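These notes are about the structure you will find just below.
The values are calculated or read from the model by the stated rules, or taken from the named source; none is laboratory data. Because the structure is a prediction, the values reported are computed rather than measured. Virtual Cβ from ideal backbone geometry, glycine too; neighbours counted across all protein chains shown.
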Amino acid sequence: MYFYLKLKIEEIATNGGKMNQIKRSAVVLFNLGGPDSLNSVQAFLFNLFNDKAILNIFQPFRLLLAKFIAAKRTKKANAIYRQMGGKSPLLENTLAQAKALEKILGNEYKVFVAMRYWHPFTEETIKTVKEYAPDEVILLPLYPQFSTTTTQSSFNEWYRVSRKIGLNVATREIRDFPINPQFIKAHVDLLKPFYQQALSYGTPRILFSAHSLPQKVINKGDPYQQQIEQTAVAIIDELKASLKLEDISYQVCYQSRVGPLKWLEPTLEQELIKAAKDKIPVVIVPISFVSEHSETLVELDIDYRTRALELGIPYYGRVPTLSCHPLFIEAMREMVIG
């Protein structure tokens, strides 16, 4: 028996080290990115609008239009970012999520962050991942609902730059997670105290607010709107079970539209007006965002809160984004390990 075990140990040790080698996995969190100072706002906006997934027109017309839009919107955008201390908090939020995820994944995983329109750009992250020399790469966009304008754009950029730099590694995509059980439970855990507080002012209506998209994007087959509605239904079902309620009033609506095109409706503005007429409290859930940034900290917390006060809505509660909620981090862990 001794000699048999000795031979097996030697066989394992000399078999290319394969049995003892720990698989190294690089997990890449994708996010939109945001300016890190007021001086970078215009460049960030140009990068955003110069993306074919955002403005689907031929070059050089897209480049010229992106420059025009960025220049035109810089003053208004600067005013928004001044209210957040002169920069976007999105990178810090995302880095905190990466750190929390890496902590529970284990030593064989390392988590990286790639921003689409500002630092760290995809190219910067790919160079760092290549130095890490992983056996596999797992792409995890922090967009719960898939869209060609966000998730697919990030995937396309990753593969384009990977070919350019020569990162040839087995890659797995996590394309979406609109009804992931832990993701849904994290939402309900944050939503429940706001809903219970709103009950003191009447029967609340939950407004699931998502970033809007041009209707033509949806008409081309983009699944974003359908997945937003799936997330909302799953949250409501979980909340009803948790609170032992038979019915909860809710509505999916959209914010952050830009330009003259027809965008998804109803808008959050329209739903606030309706709630004011019904004289009911509202609870706002940022259903498409998992990190705090301008759309939550300024649009929802300042602009729409002020509008709700003007309209006489008896209660306006805004549920935080999932950020580093333990259940959300666990949801990501489960998706990563497959």
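Within the stretch 108-115, is even one residue surrounded by fewer than 18 Cβ atoms within 10 Å (Cβ to Cβ) and outside the structural domain of THR296 (by TED's automatic domain parsing)? Yes; the residues of the stretch 108-115 include at least one that is surrounded by fewer than 18 Cβ atoms within 10 Å (Cβ to Cβ) and outside the structural domain of THR296 (by TED's automatic domain parsing).
Remark: pairs (first residue in the stretch 54-70, surrounded by 15 or more Cβ atoms within 10 Å (Cβ to Cβ); second residue among the β-branched types (Val, Ile, Thr); Cβ separation under 8 Å; 6+ apart in sequence or on different chains) = ILE54/THR149. Note on the stretch 233-260: among residues that are more than 24 Å from the chain's Cα centre (by Cα) and assigned to a loop (DSSP other than H, G, I, E, B), the one that is nearest to SER153 (Cα to Cα) is PRO260. Hey, any hits in the stretch 260-278 for a residue that's within 14 Å of PHE183 (Cα to Cα) and not assigned by TED's automatic domain parsing to the domain that holds TYR109? Within the stretch 260-278, none of the residues are within 14 Å of PHE183 (Cα to Cα) and not assigned by TED's automatic domain parsing to the domain that holds TYR109. Looking across the stretch 205-256 at every residue that is of a type in the set (Asp, Glu) and in contact (Cβ under 8 Å) with a residue 12 or more places away in the chain, the one that is farthest from THR151 (Cα to Cα) is identified as GLU238. For first residues located in the stretch 177-204 and in the same structural domain as ILE287 (by TED's automatic domain parsing) and over 10 Å from ALA331 (Cβ atoms), partners that are charged (D, E, K, R) and assigned to a helix (DSSP H, G or I) and lie 6+ apart or on another chain with Cβ distances below 8 Å form the pairs HIS187/GLU238; VAL188/GLU238. Restricting GLU269, GLU265, GLU246, GLU330 to those that are in contact with a Cys (Cβ under 9 Å, 6 or more places away or on another chain), of a type in the set (Asp, Glu) and more than 27 Å from MET84 (Cβ to Cβ) reduces the list to GLU265. Restricting to the stretch 133-162, count the residues that are hydroxyl-bearing (Ser, Thr, Tyr) and closer than 14 Å to MET332 by Cα. Qualifying residue count, the stretch 133-162: 1.
Which one is nearest to the chain's Cα centre (by Cα), of the residues in the stretch 155-171 that are touching a residue at least 60 places away in the same chain (Cβ under 8 Å) and within 14 Å of VAL129 (Cβ to Cβ)? Within the stretch 155-171, the match that is nearest to the chain's Cα centre (by Cα) is TRP158. Whenever a residue of the stretch 316-338 is farther than 30 Å from ALA275 by Cα and of a type in the set (Gly, Ala, Ser), its partners that are at pLDDT 95 or above and in a loop (DSSP other than H, G, I, E, B), lying with C-beta atoms within less than 8 angstrom and at least six residues away or across chains, give the pairs ALA331/PHE177; ALA331/ASN180.
Filtering GLN196, GLN226, GLN230 for residues that are part of a helix (DSSP H, G or I) and surrounded by 14 or more Cβ atoms within 10 Å (Cβ to Cβ) leaves a single hit, GLN230. Within the stretch 204-225, the set of residues being more than 17 Å from the chain's Cα centre (by Cα) and under 23 Å from TYR250 (Cβ atoms) comprises PRO204, ARG205, ILE206, LEU207, GLN215, ILE218.
Scanning the stretch 230-249 for residues that are under 27 Å from ARG175 (Cα atoms) and touching a strand residue (DSSP E or B) at 6+ places or on another chain (Cβ under 6 Å) yields a total of 2. Can you tell me which residue is farthest from TYR117 (Cα to Cα) among those in the stretch 1-52 that are small (Gly, Ala, Ser), at pLDDT 95 or above and part of a loop (DSSP other than H, G, I, E, B)? Among them, the one singled out is SER37. Within the stretch 212-223, the residues that satisfy the criterion of being among the hydrophobic types (A, V, I, L, M, F, W, C) and part of a helix (DSSP H, G or I) are VAL217, ILE218.
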